[in-house]
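Data block below; observations after.
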Amino acid sequence: MNEGAPLAGRPSAIAGPVARLIEAFHKLPGIGPKSAQRLTYHLLRAPESEARSLAQAVLELKEKIVLCSVCQNVTEADPCGICSDPQRDRASICVVEEPLDILALERAGGYRGLYHVLHGVISPMDGVGPEDLKLDELMARLGNGSVEELIMATNPNLEGEATAMYVSRLVSPMGVRVTRLARGLPVGADLEYADDLTLARALENRQEV
Ligand SMILES: [Zn+2]
């Protein structure tokens with residue numbers, strides 16, 4: 001930073017690159033204007049290597065991460081680590097809204113089956129219909145008859161319930177058992193934020209849809 005540069009008198013006291021990074025951080029979920037400023041000024045003071053490794057990590061996220069062609073989770077290798085793990089139970093698929101939900105369920109522990117990420121929920125208000133979700137990919141996995149149970153782990157809110165019902169109707173002709181996470185998860189809450197014990201219990205005590 002050029003300490004001697006006169007900042008007063010300019011329409012904005014913030015240099016262009018600083019303002020642009022603040023703006024970029026501010027666009028991220030959960031980052032308000034104050035946090036965006038703090039992060040930016042932190043990087044400004046940090047060693048160049050720290051800034052470079054952050055920039056590199058962001059780029060690699062876009063360059064190296066793909067969707068697993070089986071479960072649609074984000075992965076560096078396709079199929080992903082879970083789908084290619086011979087120890088996982090192939091008779092059970094846990095259907096979630098977002099990749100982060102898999103992290104939450106894996107952290108909670110206890111589940112040894114496979115997953116499927118829908119990448120959203122049916123939400124007419126937001127213009128999201130069944131065709132916008134990874135449902136064809138899910139149906140394709142049920143074709144060979146090896147899957148016995150679908151655990152609908154969509155969030156316990158209106159859209160999550162509607163999506164679970166929709167999938168349940170969709171797969172019922174295929175003779176696959178469909179279950180839903182047990183109540184006990186706070187209604188309206190995000191799976192992602194549920195504590196591990198609650199999540200593990202909800203999974204253990206799942207009920208038929
Ligand atoms: Zn996978």
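The values are calculated or read from the model by the stated rules, or taken from the named source; none is laboratory data. Model, not experiment: these values are computed from the prediction. Note that we place each Cβ from the backbone using ideal geometry, even for glycine, and neighbour counts take in every protein chain shown. Heavy atoms of the whole protein, side chains included, go into the accessibility calculation; ligands, DNA and RNA do not. Shrake-Rupley method; radii C 1.70, N 1.55, O 1.52, S 1.80 Å.
Take every Cα pair under 8 Å whose residues are at least 6 apart in sequence, average their separation, divide by the length of the stretch 94-191, and the relative contact order is 28 percent. Modelled this way, with points 7 Å down the Cα-to-C-beta line, the labels at L103 and A77 are 2.1 nm from one another. Of all the options Q87, Q72, Q37, the one that moves most in a Gaussian network model of the chain with Cα springs shorter than 10 angstrom is Q37.
Within the set of other residues whose C-beta is less than 11 Å from the C-beta of D126, count the net charge using Lys and Arg as +1 and Asp and Glu as -1. Surrounding charge for D126 is -2.
Here, the chain is characterised by an Rg to Rh ratio of 1.11, where Rg is the alpha-carbon radius of gyration and Rh the Kirkwood radius. The helix-based estimate of mean residue ellipticity at 222 nm for the chain, built from -39,500 (n - 2.57) per DSSP H run of four or more residues and divided by its residue count, is -12000 deg cm²/dmol to the nearest 500. By accessible area, using a 1.4 Å probe on protein heavy atoms only, the chain has 57% of its surface on carbon and sulfur.
Model label sites at A57 and D85, defined 7 Å from Cα along the beta-carbon direction, differ in position by 2.3 nm. Heavy-atom accessible surface of the chain, averaged per residue, reaches 60 Å², computed with a 1.4 Å probe. Straight-line cross-link reach from K27 at under 19 Å between alpha-carbon atoms covers these lysines, not counting any fewer than eight positions away in the same chain: K62. Once you order the gyration tensor axes a ≥ b ≥ c over the Cα atoms, which shape class does the stretch 61-138 get: rounded for a/c under 1.5, otherwise prolate or oblate by comparing a/b with b/c? Verdict is prolate for the stretch 61-138. Within the listed set E131, E48, E161, the residue fluctuating most in the Gaussian network model of the chain (springs between alpha-carbon atoms under 10 angstrom) is E48.
Amide H to amide H distances under 5 Å link M152 with V95, T179, R180, L181, where only residues 5 or more positions off or on other chains count and H is placed in the peptide plane.
Sort out the exposed loop trypsin sites (Lys or Arg not before Pro) in the chain (DSSP loop, at most 12 other Cβ within 10 Å) and tell me the longest stretch that has none. Within the chain, the longest run free of exposed trypsin sites (Lys or Arg not before Pro) spans 113-209.
Going by a ≥ b ≥ c, the root eigenvalues of the Cα gyration tensor, does the stretch 125-209 fall in the rounded group (a/c under 1.5), the prolate group (a/b larger than b/c) or the oblate group? It comes out oblate by the Cα gyration axes.
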